[in-house]
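Data first, discussion second: the structure below is written as structure tokens.
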DNA sequence: TTGAAAGCGCTAACAG
DNA sequence: CTGTTAGCGCTTTCAA
């Protein structure tokens, strides 16, 4: 067992209150006493128990982030952006992936008890749970629509959705398949809405939604297989890059030329997008996490008391050639 | 302030011990009492303080993972694999990126005080710090050479390094540039050693190391620029996929054909590798994290007391065509 | 400048 | 089956 404040006090011949003062760097301690305490601290290699300290101070000096699933670069980047800023602000970082588990809400509640505030990402828990949590601790919503006056951060979906679909339409595409499930992601719902709005002004354009129920490469490959039977569209517009990559890879497997026969777009601009020559919308993933961390800190420290809702800009990235090879897509 | 165990006890007309029993699901509580307590719990929406509980139980029910830097898919995948298993084992997960900060060791020590054990990845802190930490709490080393009897998990580097270099040599390459800094990563050091061993049996082959000092795409592009001046090799063998992608992209920018004029290989098999047609070595990134989580849990729960050192297999992935487009590599 | 003492919220003997 | 009580390790008045 490691040394406690009492061991140090005994060895230095002072009271625990004095040891506490020295550890907290209160200046009302005489230099001589301070030195003796520090010597004892070093000798016993004493580290204050964060548990004891937190209990007495009634704060954790930690905060958490909850995200739905861990697969794919998008969540990873966001979480890492969050960690980076939170660590800078001197707070430990707890992470939790609900992963569609039924126990998700319970796990989040548990986590809420371990930190001074938390960031809730996307569709991890129902609104009712968010509301309950927000009553207990400061909460920031990330990539999720506003709930009451809870702070939120998100990337712009609508403007870029419009730019993207306008680009696709301007390229001459009329039959367009949208791949992605709006029910599983508020971001996707907004993007689809942006598309529909633009399409409404183009009667010759037809958008058709496909909801594969997942967001990985497989969602793309599956959809292409179906489309090959029912008839290829002019373009596959995907809710994220991974699906788009799946689409590309399946099209290649069938010797269908991109963008000659059909166009493909993604969303996020993950690293692979560049190498696949994928047209997409760049999201500031790191910044999303970092901004959430900062907003949360502001609430926790009380440096701000009116709610904020940040919308970070996105950018259409048009790439003209596909870099996919048709072989060796294992 | 939220309700405490005393509030519940008062409202239910019982002692705090009884409330504790109900919460812990001890069965020596009469049904009637249990119901009254549960009613009070619900009424006050009482959640036991994890702090109080941890202090009394002398355990955190949390463990941590430390990694060097967050950039790139490799660390992200490992961390996520770790989270997944740790959560399954009912432990909260703390993450910390030392990020080359001078305060790194102090931050890790701080974190050690918040959890029941931790995983230390790669070159995050010096050996002396690891030894001190290991004396305080259970530790598992991840992708880092053994230190004393501390548990460790790593991917096989040597065997795959041999397969890879043999593949390159068999393809006819003689002048080979290795890109990556062995001092910054134990994994890289092992891979380079594996290469050298094989090369020793091939006097006609010449390996030349380049240490760019970082591990991102830029490391690759920079090295190619230098090599173009000093003379192109037959192959660039890179310590990870990101560097290799940087190499590919810079070669393309100079209209140098891959693999016609020069061959490029990576390591890790990140998602982009497939779409860039990159030959590489697949590492079980998720599994590395997951295995570390399991080993750590075994030590913490005391279900094992002799040290273990796991080496997970890797796999050479040969891809024959590059999918890189020469345009639009923004 | 220092110490005594009362918590922070909970668990776990030990008694009854 | 239930209550009393003594901690877990620290911070922080309040006195001295």
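FYI, it's all coordinate maths here, none of it is from the lab. In this text, all values refer to a predicted model and were calculated from it rather than measured experimentally. Ideal geometry is used to build each Cβ from the backbone, glycine not excepted, and the neighbour counts take in all protein chains shown.
Across all C-alpha atoms in region A:5-56, the radius of gyration and Dmax reach 10.3, 30 Å.
The Rg/Rh ratio of region A:132-254, with both radii computed over alpha carbons and Rh defined as the Kirkwood radius, is 1.06. Between the helical axis of B:31-44 and the longest alpha-carbon principal axis of chain B there is an angle of about 60 degrees. Highest mean first, the peptides B:234-241, B:78-85, B:93-100 sorted by other C-beta atoms within 10 Å per residue fall in the order B:234-241, B:78-85, B:93-100.
With its label point put 7 Å out from Cα toward Cβ, residue B:204 sits 6.2 nm from the same residue's point in the other copies, in order from shortest. Report the FRET efficiency, 1/(1 + (r/R0)^6), for residue B:149 and residue B:103, where r is their Cβ-Cβ distance and R0 is 30 Å, rounded to 0.05. Given R0 = 30 Å and the Cβ-Cβ separation, E is 0.60. Who wins for biggest fluctuation among A:256, A:270, A:16 in a Gaussian network model of chain A, springs between alpha carbons below 10 Å? Evaluated over chain A, the most mobile residue of the options is A:16.
Classify the protein assembly as shown as rounded, prolate or oblate from the Cα gyration tensor: take a ≥ b ≥ c as the square roots of its eigenvalues, call it rounded if a/c is under 1.5, otherwise prolate when a/b beats b/c and oblate if not. Note, shape of the protein assembly as shown comes out oblate. Relative to the longest principal axis of the Cα atoms of chain A, helix A:217-230 runs at roughly 20 degrees. Computed log10 I(q)/I(0) for region B:202-250 at 0.16 Å⁻¹: -0.41, from the Debye equation with unit scatterers placed on every C-alpha and solvent omitted. Per residue of peptide B:87-98, the mean number of Cβ atoms on other chains within 10 Å of the residue Cβ is 5.
Beta bridges from DSSP with both residues in the protein assembly as shown: antiparallel share about 10 percent, rounded to the nearest 5. Expressed per residue, the C-alpha convex hull volume of chain A stands at 171 Å³.
Stokes-Einstein D for region A:90-188 at 25 °C, 0.890 mPa s, Kirkwood Rh over Cα pairs, in µm²/s? After rounding, the answer is 157 µm²/s. Under 18 Å from a label point set 7 Å out along the Cα-to-Cβ vector of residue B:26, the amide N atoms of region B:44-67 belong to B:48-49, B:52-59. Put a dot 7 Å past the Cα of residue B:38, heading toward its Cβ, do the same for residue A:128, and the two dots end up 1.8 nm apart. Between the alpha-carbon centres of region B:229-258 and region B:37-76 there is a gap of 46 Å. Once both labels are positioned 7 Å from their Cα atoms along Cα-to-Cβ, the gap between residue B:193 and residue A:136 label points is 4.9 nm. Distances between copies at residue B:318, taken between label points 7 Å from Cα along the C-beta direction, are 4.1 nm in increasing order.
For region A:14-88, the spread of Cα positions along the three principal axes, ordered from largest to smallest, is 56, 22, 22 Å. GNM on chain B, alpha-carbon springs under 10 angstrom: the most fluctuating residue among B:53, B:294, B:263 is B:53. Each copy carries a label point for residue B:35 at 7 Å from Cα toward Cβ; from one copy, the others' points are 7.0 nm away, ordered from shortest. The distance between label points at residue B:257 and residue B:159 comes to 3.7 nm (points 7 Å beyond Cα on the Cα→Cβ vector). Over all directions, average the projected area of the Cα convex hull of region A:213-303 and note it in nm². Its average projected convex-hull area is 7.1 nm². Across peptide B:108-118, the mean count of Cβ atoms from other chains lying within 10 Å of each residue's own Cβ comes to 3. If R0 equals 25 Å, the separation of the Cβ atoms of residue B:174 and residue B:312 corresponds to a calculated FRET efficiency of about 0.20.
Specify the angular offset, from 0 to 90 degrees and rounded to the nearest 10, of the alpha carbon long axis of helix A:158-170 from the longest principal axis of the alpha carbons in chain A. Helix A:158-170 sits roughly 20 degrees off the main axis of chain A.
Pop the C-beta distance of residue A:57 and residue B:211 into the FRET formula with R0 = 51 Å and round what comes out to the nearest 0.05. For R0 = 51 Å, the calculated efficiency reads 0.65.
How far is the Cα center of region B:277-297 from the Cα center of region B:1-17, in Å? Between the Cα centres of region B:277-297 and region B:1-17 lies a distance of 47 Å.
Taking every alpha-carbon pair under 8 Å whose residues sit at least 6 apart, chain B reaches a relative contact order of 17 percent.
GNM remark for chain B: springs join alpha carbons under 10 Å apart, and the peak mean-square fluctuation among B:186, B:31, B:145 falls on B:31.
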